[in-house]
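Right, one structure below, let's go through it.
The values are calculated or read from the model by the stated rules, or taken from the named source; none is laboratory data. Remember, it's a predicted structure, so these values are computed and weren't measured experimentally. Here the Cβ is made from the backbone with ideal geometry for all residues, glycine too, and neighbour counts use every protein chain on show.
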């Protein structure tokens with residue numbers, strides 16, 4: 001990318017203002033970190049959702065994916081924004097939500113939105129933040145277990161703490177809109 005997309009920079013500024021905090025936190029992995037990125041503060045904001053939808057849709061279309069999904073709760077507003085942006089362009093790109101575990105009541109679903117999907121359908125798995133990629137890999141396994149073909153793995157922010165490598169070890173490449181470095185320095189990765 002020779003010139004920075006103005007929407008990439010707008011979203012970066014929103015992430016820094018609404019989602020990034022320089023402070024000690026304990027992550028899901030149990031590791032301690034000196035910063036936190038709560039992407040939901042940005043992706044649940046109207047302008048943040050618009051920017052996520054626009055910036056991710058081009059990447060999803062290029063991959064050949066025909067649906068977008070990801071682990072609840074972080075991916076929920078993102079996949080909705082991407083699917084809505086696609087619909088506004090006249091494209092049918094359904095979204096689906098992957099639960100951490102199979103629901104113990106009702107229909108007993110692990111994946112919500114399966115009625116819009118077909119076996120063998122190429123899909124993109126979307127994540128808000130990737131640290132070690134544990135939840136991303138679990139979502140990929142769930143999608144594959146539902147007979148979906150995972151053709152792309154995307155995230156909003158890669159914390160650069162081993163997730164990319166863990167995904168590569170399983171045969172998946174991570175397409176991150178921002179890395180920790182690019183988020184803080186303002187230069188696309």
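Go through the residues of region 160-169 one by one and say whether even a single one is without any contact (Cβ under 8 Å) to a residue 60 or more places away in the chain, within 21 Å of residue 81 (Cα to Cα) and either in contact with a strand residue (DSSP E or B) (Cβ under 8 Å, 6 or more places away or on another chain) or not in a loop (DSSP other than H, G, I, E, B) (or both).
Within region 160-169, none of the residues are without any contact (Cβ under 8 Å) to a residue 60 or more places away in the chain, within 21 Å of residue 81 (Cα to Cα) and either in contact with a strand residue (DSSP E or B) (Cβ under 8 Å, 6 or more places away or on another chain) or not in a loop (DSSP other than H, G, I, E, B) (or both).
Hey, among 24, 10, 18, which residue is at pLDDT below 95 and either more than 25 Å from residue 138 (Cβ to Cβ) or in contact with a strand residue (DSSP E or B) (Cβ under 8 Å, 6 or more places away or on another chain) (or both)?
Step by step, each of 24, 10, 18 is checked, and only 24 is at pLDDT below 95 and either more than 25 Å from residue 138 (Cβ to Cβ) or in contact with a strand residue (DSSP E or B) (Cβ under 8 Å, 6 or more places away or on another chain) (or both).
Quick check: is even one residue across region 141-152 assigned to a strand (DSSP E or B) and either buried (at least 17 other Cβ atoms within 10 Å of the Cβ) or at positive phi (or both)?
Scanning region 141-152 turns up at least one residue that is assigned to a strand (DSSP E or B) and either buried (at least 17 other Cβ atoms within 10 Å of the Cβ) or at positive phi (or both).
Could you grab me the full set of residues in region 129-140 that are surrounded by 17 or more Cβ atoms within 10 Å (Cβ to Cβ) and closer than 14 Å to residue 28 by Cα?
If the condition is that a residue be surrounded by 17 or more Cβ atoms within 10 Å (Cβ to Cβ) and closer than 14 Å to residue 28 by Cα, then 129, 130, 131, 132, 133, 135, 136 are the ones that fit.
What number of residues within region 134-155 satisfy the criterion of being touching a helix residue (DSSP H, G or I) at 6+ places or on another chain (Cβ under 7 Å), within 12 Å of residue 70 (Cβ to Cβ) and touching a residue at least 40 places away in the same chain (Cβ under 8 Å)?
Going through region 134-155 one residue at a time, the tally reaches 3.
Please verify whether residue 34 is more than 22 Å from residue 141 (Cα to Cα) and at pLDDT below 95, treating the condition exactly as stated.
Against the criterion (more than 22 Å from residue 141 (Cα to Cα) and at pLDDT below 95), residue 34 qualifies.
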